[in-house]
Amino acid sequence: MRRTLLGETSTVQGAIAFWSGRFDDSRAHAARALDLLPLESSDVRGVAYVFRTFSEHYAGNPDAAVRILETAWNEDPGHTGSFPTRLLVTEFDLAFLPFDLPRMQRILSRMMELSRHRGLGESVDWAKYCLGRVAYLRNDLAEARELFEAVAAHRYTTHVYPAYESLLGLALVSAAEGRREDLARHTNVIAEFARESGNSYVREAARSFGAHLALLEGRTQDAVRWADGFERRTPFVPTARCEYAPVTYARTLLAAGTPERLAEASERLAALEGTARSCGARVALVEVLALRARLRDLEGDREAALDVLEEAVLLAAEGSPVRVFADLGPEVARRIASLLVELARRGRAAEAVAPVLAVLPHEGVRLSDTPESISRRELEVLALLDQGLSNKEIAGQLFVSAKTVEGYTLRIYQKLGVRTRREAVTRARALHILPLG
C-alpha cells in the first residue's frame, strides 16, 4: 500500500514538473512512479507512462520516447480501464507535433476501434476532440463544430481535457463563422465550466483564452489588461491544445504596439520559436513565425518579414493548418495577407500562399474556383465521390456523419457550379482538381 501511494505521488509530481517545463524532473518522477506502482494500478500507470514518454521527447530524446511507449504497449494486455487510451492520446500528441496527418488518422482509427472493442466511451471523446482540432486547423469548420459539440454535450461525464478543449474549439468556430450570439453563449459556458471544475489549468486557460478572443475581436485593451497580470514564467509546452497562454501573451504585446512591448515581444517570440523547433511542433512554429513576420513588418524590415513568412507558409503546406493564420487577429491577418500577396507576385512559395490567402481578408488577388478555393476535406470528399461511394460510405471513411458529408457535397456543387455528382466529378477533372480518368 505504501509503495502504491508513493507511486501515485510520484506520478502527480511528474505531471506537475512536465507542465512546468522541468522535463528532467518529470522524467525522474515518472520513472520512479513506474518502479513503485503495481500492475493493478492500471490508470495511474497509464498516466505515469504518458509523462515518462513526453518528458523524454521534449527533453530531446524522441527515440527513447518511442521505446518507452513500446514497453507500455507490451504491458497493455494486463491492464483494464483507460490505460490504452492514455497511450493512444500520447501517440496522437507526438504525431500532432509535426502535424503528420496519415499518422494521426491511423492513431485515431485505433482509438475508435478501442472504444468499440473495450466499451471505453472516453476513447471516443478523445478521438472526436482530436479530429475536431485537426479539422479546425484545416479550416473545415462545419466538421470541427460537429465533433466539438459531440464531446461538449457530456462534458461533466468525460475527461476534463477533451471536454474543456472542445468548449474552446466551439468558441473558436463561432468566432471564425461570425456567429456572435453562439460565441457569447460558448464563452459563458467556458466560464461556468472553469468555475465548477476546480481545475487550476482550466481556470488559467479560461483567462488567457478570454484575451485570445479579445484579440480576435479587436478588443486590444481587454487583452492588455489580462497581459499585465500574466505570470511571465509560464512555460510553453506545445501539444494539441487550443490555447497557449505564452503565445497569447506574445500576440498581445504585438497588438499593443508600444516600443517597450514590441521589444519584449521580440524576446518572447525568439524563445517560443526555439521551443517549437526543439520539439518539432509544426503548427506552433507556423504561428510563431507568422507573428515574427508581423513584428519585422512593424519594425519596417519588409524583406525580413517576407523571408520569415515564406518559411511559415511552406511549413503550413504540409497538412494545411491554414486556420493558424486567420486566427492571428483582424489587423495582423490583413497585414499578413498583404505580405503573402507580395510573396506570390515575386513567385515565391506561390502554391503554398494560395490556400492561406483563401482564409484571409485580402485585396489584389482574386481566387477563382480553382483547387485552392476548395478545402482539403472537400477534395477528399470529391475523390470518394469519384469512387462512387454513397454519403453513408464516405461518412464511414472520414469518421463524420452522413449529414456532414451532404453539407460538403452541396458546397462542392456550389463551388463548381454543378447539380449532380457526375457533373461534379467531370468538372473537377476538367479543372485538374481530380486526375483525368
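Taken across the stretch 205-227, residues that are in the same structural domain as LEU285 (by TED's automatic domain parsing) and in contact with a Pro (Cβ under 8 Å, 6 or more places away or on another chain) do not occur at all. Of all residues in the stretch 33-69, those being among the charged types (D, E, K, R), farther than 21 Å from SER82 by Cβ and crowded, with 19+ Cβ neighbours inside 10 Å number 1. Is at least one residue of the stretch 341-358 free of Cβ contacts under 8 Å to residues at least 24 places away in the same chain and crowded, with 22+ Cβ neighbours inside 10 Å? Within the stretch 341-358, one or more residues are free of Cβ contacts under 8 Å to residues at least 24 places away in the same chain and crowded, with 22+ Cβ neighbours inside 10 Å. Being closer than 11 Å to GLU243 by Cα and of a type outside the set (Asp, Glu) holds for only one residue in LEU167, LEU172, and it is LEU172. Going through the stretch 294-319 one residue at a time, which ones are at positive phi and either surrounded by 15 or more Cβ atoms within 10 Å (Cβ to Cβ) or part of a helix (DSSP H, G or I) (or both)? Across the stretch 294-319, the qualifying residue is only GLY319. If I ask for residues that are under 22 Å from the mean Cα position of the chain (by Cα) and part of a helix (DSSP H, G or I), which ones from the stretch 40-64 would you list? Matches in the stretch 40-64: VAL47, VAL50, PHE51, THR53, PHE54, SER55, GLU56, HIS57, TYR58, PRO62.
From the list LEU108, LEU131, pick out the single residue that is within 13 Å of PRO162 (Cα to Cα) and either surrounded by fewer than 17 Cβ atoms within 10 Å (Cβ to Cβ) or aliphatic (A, V, I, L, M) (or both). Explain how you work it out, then say what you get.
Working: LEU108 fails: within 13 Å of PRO162 (Cα to Cα).
After applying the criteria, what remains is LEU131.
Can you report the number of residues in the stretch 231-260 which are in contact (Cβ under 8 Å) with a residue 40 or more places away in the chain and either in a loop (DSSP other than H, G, I, E, B) or of a type in the set (Gly, Ala, Ser) (or both)? Let's see the steps before the verdict.
The first filter runs over the stretch 231-260 and keeps only residues in contact (Cβ under 8 Å) with a residue 40 or more places away in the chain, leaving 235-245, 247-252, 254-255, 257.
Narrowing further to those that are either in a loop (DSSP other than H, G, I, E, B) or of a type in the set (Gly, Ala, Ser) (or both): 235-245, 250, 255, 257.
Here the count works out to 14.
The values are calculated or read from the model by the stated rules, or taken from the named source; none is laboratory data. Here the structure is a predicted model, which is why all the values come from computation and not from measurement. Positions of Cβ are generated from backbone atoms using ideal geometry, with glycine treated the same way; all protein chains shown enter the neighbour counts.
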